[in-house]
Amino acid sequence: MKQHTADGAMLGTGNWSLVPPGSDDFEVYGGAATVQRAREWAFKYQLLLYRGPAQACVHGLYRMDVCTFSACTSVGMDHTQIWVQHDGRTAFLLTHPYAEDIPDKLRVYAEMHGLSIRSNPFDGWYGHGTLPIRLTIPPDWPLWPIERDSVLLLHTQPVEWPESYE
């Protein structure tokens, strides 16, 4: 099923988008096999890839125009993206560092921003000896800017999902 990218620039809130796995715009770092694993994972969990300012650090969750914290590049993240649930109500940062355990610096980084942190084997689509680590906005928190903006964007530009993905 071909899916369209929801373009946030149409809302006047900057140059950002939510890219479904069935879109021609869907791309992650890695070769064709890595992209295919990411696509299958995103279809299975109905996740949209955030593309825009600060797309590889927590500042994208805040929907800031730029990353303002140089430590974002030194906390142990690698192959990092922001993912948004199909209804826009949940977002998380997923990183795949070459590590056996969650790095202490990354735990501190998550705590500084009030994010929960854990490693889920089912998030391990990147492979290549990396550890999937998810930094998630706690469910009892008020809406974060990315959730607010995503709900609005998906209300104005809904993304259709197949009943099943093979």
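The values are calculated or read from the model by the stated rules, or taken from the named source; none is laboratory data. Keep in mind that what you see is a predicted model, and the values were worked out from it rather than measured. Here the Cβ positions follow ideal geometry from the backbone for every residue, glycine too, while neighbour counts run over all protein chains shown.
Listed values, structure above:
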| read-out | value |
| --- | --- |
| Residues located in the range 17-52, provided they are in contact with an Asp or Glu (Cβ under 7 Å, 6 or more places away or on another chain), of a type in the set (A, V, I, L, M, F, W, C) and surrounded by 19 or more Cβ atoms within 10 Å (Cβ to Cβ) | Val19 |
| So Thr80, is it without any contact (Cβ under 8 Å) to a residue 40 or more places away in the chain and either over 17 Å from the mean Cα position of the chain (by Cα) or surrounded by fewer than 16 Cβ atoms within 10 Å (Cβ to Cβ) (or both) | no |
| Condition broken by Gly14, with the remaining ones in (1) small (Gly, Ala, Ser); (2) surrounded by 17 or more Cβ atoms within 10 Å (Cβ to Cβ); (3) within 17 Å of Ser150 (Cα to Cα) satisfied | (2) |
| Criterion: more than 30 Å from Met1 (Cβ to Cβ), under 14 Å from the mean Cα position of the chain (by Cα) and in contact (Cβ under 8 Å) with a residue 40 or more places away in the chain - qualifying residue of Tyr62, Tyr50 | Tyr62 |
| Among the residues listed as Cys57, Cys72, the single one being surrounded by fewer than 22 Cβ atoms within 10 Å (Cβ to Cβ) and either among the hydroxyl-bearing types (Ser, Thr, Tyr) or at pLDDT below 95 (or both) | Cys72 |
| Residue selected from the range 101-157 under the condition in contact with a strand residue (DSSP E or B) (Cβ under 7 Å, 6 or more places away or on another chain) and of a type in the set (Ser, Thr, Tyr), by the criterion nearest to Asp78 (Cα to Cα) | Ser119 |
